[in-house]
Every structure is written in structure tokens, then in C-alpha cells.
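Working notes for the structure below.
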Amino acid sequence: MASFSMPAERDFGWSLKPTDSTAFEIIERPNGQFCVVLNHSLLRGVSSEMIYWWFLNFPNLRVSLDGVPGYESQTVPGYLLWHPSDHCSADLSGPLGAGSTSRAGAKIHIREAMQYNKYALKYPVDTALSIFYCAPDGWAMGKRLPSLGKVMCLRIHFKDVVSAGQVIGVNYHYEVVIGATGNNPFVRAFNRRLTKEYSPEFFAAWHLHNAIEVGTFENFLPALFEQSGGDAVFRYAVEMNPMKTEIDPQSAHSPDLFLSRVEGYKSAKDPHAYQASESKSFL
């Protein structure tokens, strides 16, 4: 049972992205390990510079809210803007970057619950993860054990999409590997224990969570990024949302990349090596 309580939902008035705006697959392997590949729709009106800034700073951001029912004039952690219902807190520790920002080698302790409005605390996250990679092209975090190597890694890739010489959005691609590589009895037993907590069912719930989470960058990130370098407390009001009206449904931005990566994980001898979480993005 989770040892934390969730804050009240934030009604920002946003149109939230559905799962069919993404391409998603879970690849289960004979040793109990499994891999997740998720390619998002184009993130409109956002740049990779903005997203990198967010990953550097989001655990430390404080935001004053205006026009959000129940949160009028309240100052909240910036993490609560990144999902209207599923996020609780995110805290950095260890060796940090300039200005106490995220960096590879630090740890981040995340508390959240997948689809909290539907499942309550059935699928909680309350864990400290090592940051393996933090760069202008992506982010990776996970767990490594001395006897097993990497046993969990979540790798995010992002890159500007340019049309007619202008950045029109970001291609955002996500891959997860859960479990240790190997096929001996110890590894298989370890993977069975680990995947009781982070199961394929957990990641099926995570799919909608992540479609919403990543999609909200369109709604709040440009407004916060514009304030970077200013006051310590940022401001977000509902009228700052640049996505004013309903827009045509979207689908995954890079379906060919998605299919290629799925096939790669199916055939990889070592999914963690294939993921290459500490290398530059392949986008």
C-alpha cells in the first residue's frame, strides 16, 4: 500500500490527449523481462529546448495558479502541472547540477499513481531512481544493482520537428526496459518479483497516464519557459494555455520508428544494451 496521499485534482480546462494519439506496445520476454515502446503524437508549439529546460528544473519549480478551481492563488510544485490528477511529488538528491538542477548521477524520488481517478492507489509509484542521462536530446532514469546491472530503465528521446525552416513541435519517443538481462534461475526469479510491482498491467495503466502527461506540455510549458530566468515563483493562469480550441485527432508522429524499435526489442539479446540509455538519442 502506498504511504503517501494524493493532492486534489487540478481542473485546468485542458483537452487531454487519448491513448490513440500514440503508438504503444509491450514486448514480454521468456525470462520475465519486458520492454515498452511508446511514440507520441507531435507536441505542437513546444521545442526540445523547452523540454530539456523542464527536465533540468521541474523538481524545483514552484508555480502560483490562477483560475484553477480549488487552487486559486495557491503556489504548488511545478510537477502538479504535468498531470491534472496522477502526480504527487518529485524530489532531487545527490550530486546536482548548477542551481540544484537535474544531472546524470543524481537521484529523483517520484510519487505518483497511474490513472488515480480510476484506480486510486492500485498502481502507485513511490521510489527513488538514478538519473542515467540528462541532455538536450533526452532523459533516462532507472535502477542498477551490483550483481545484475540495470534492472529498470526509462529512456526518453526528444527532437525538434522543423517545417519551412521553423520549429513546429517535438518528436517525443519513450522506451522502458523492466527486469534484468539473463536467463538463469536467479535472474528469472528476480524478474518475477520485480514485475509483480511493475507489471505489464501497470504499464497498460501507465499508457494513458503518459499520453496525458506528455500531451500537457502543449498546454503549460511555453508559458513557464517564457518566465525562466525571472522570479523564483512562476505563474500559470488558465488563459495562458495556447491550445485554445479542439484540434483534429492526432496519431503517433514516427510510426516507422516505432515498428523498428519494437522489432529490435523482440530480437535483442540484451534489451538494456539495445536501449543504450546513456548514449545520445537516435532521433
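The values are calculated or read from the model by the stated rules, or taken from the named source; none is laboratory data. The shown structure was predicted, so the numbers you read here are calculated from the model rather than taken from an experiment. Reconstructed Cβ throughout: ideal geometry from the backbone, glycine too, with neighbour counts over all protein chains shown.
So if I check each of V161, V214, V167, which one is closer than 25 Å to S130 by Cα and touching a residue at least 12 places away in the same chain (Cβ under 8 Å)?
Within the list V161, V214, V167, the selection yields V214.
Name every residue in the range 134-150 that is surrounded by fewer than 20 Cβ atoms within 10 Å (Cβ to Cβ) and touching an Asp or Glu at 6+ places or on another chain (Cβ under 8 Å), in order of residue number.
Residue satisfying the conditions is P136 alone.
Restricting to strands (runs of 3 or more DSSP E) lying wholly in the range 1-95: which have 2 or more residues that are under 17 Å from M240 (Cβ atoms)?
62-66, 75-77
Check whether at least one residue in the range 185-197 is surrounded by fewer than 17 Cβ atoms within 10 Å (Cβ to Cβ) and farther than 24 Å from I27 by Cβ, and report yes or no.
no
Conditions: (1) aliphatic (A, V, I, L, M); (2) in contact with a helix residue (DSSP H, G or I) (Cβ under 8 Å, 6 or more places away or on another chain); (3) surrounded by fewer than 23 Cβ atoms within 10 Å (Cβ to Cβ). I178 meets all but one. Number of the miss?
Here I178 meets the rest and fails (3).
One residue is enough: does the range 22-34 have a residue meeting the conditions of a type outside the set (A, V, I, L, M), out of contact with any Asp or Glu (no Cβ under 8 Å at 6 or more places or on another chain) and at positive phi?
Among the residues of the range 22-34, at least one is of a type outside the set (A, V, I, L, M), out of contact with any Asp or Glu (no Cβ under 8 Å at 6 or more places or on another chain) and at positive phi, which makes the answer yes.
Only one of P18, P84, P7, P77 is more than 25 Å from L194 (Cβ to Cβ) and free of Cβ contacts under 8 Å to residues at least 60 places away in the same chain. Can you tell me which?
Sole residue among the options that is more than 25 Å from L194 (Cβ to Cβ) and free of Cβ contacts under 8 Å to residues at least 60 places away in the same chain: P77.
Can you work out which of the residues in the range 108-120 that are surrounded by 17 or more Cβ atoms within 10 Å (Cβ to Cβ) and not polar (S, T, N, Q) is nearest to H207 (Cα to Cα)?
Step by step, filter the range 108-120, then rank; the result is M114.
Among the residues of the range 185-237, what is the count of those that are at pLDDT 95 or above, part of a helix (DSSP H, G or I), touching a strand residue (DSSP E or B) at 6+ places or on another chain (Cβ under 7 Å) and of a type in the set (F, W, Y)?
2
Which of the strands (runs of 3 or more DSSP E) contained wholly in the range 120-183 include at least 3 residues that are within 25 Å of G264 (Cα to Cα) and basic (K, R)?
Here the list reads 149-163.
Please indicate, with yes or no, whether at least one residue in the range 88-105 is surrounded by 14 or more Cβ atoms within 10 Å (Cβ to Cβ) and touching a His at 6+ places or on another chain (Cβ under 6 Å).
yes
I want to confirm something. Restricting to the range 1-58 and keeping residues that are surrounded by fewer than 20 Cβ atoms within 10 Å (Cβ to Cβ), aromatic (F, W, Y) and in contact with a Ser or Thr (Cβ under 7 Å, 6 or more places away or on another chain), which single residue is modelled with the highest pLDDT?
The qualifying residue modelled with the highest pLDDT is W53.
In the range 121-133, which residue that is aromatic (F, W, Y) and closer than 18 Å to R155 by Cβ is surrounded by the most Cβ atoms within 10 Å (Cβ to Cβ)?
Y133
Which residues, counting only those in the range 238-283, are part of a helix (DSSP H, G or I), more than 20 Å from V170 (Cβ to Cβ) and not hydroxyl-bearing (S, T, Y)?
Within the range 238-283, V238, E239, L259, V262, E263, G264, K266, P271, H272, A273, Q275 meet the criteria.
Considering only residues that are touching a residue at least 24 places away in the same chain (Cβ under 8 Å) and either among the acidic types (D, E) or touching a Pro at 6+ places or on another chain (Cβ under 8 Å) (or both), which ones fall in the range 175-200?
Matches in the range 175-200: E175, V177, T181, N183.
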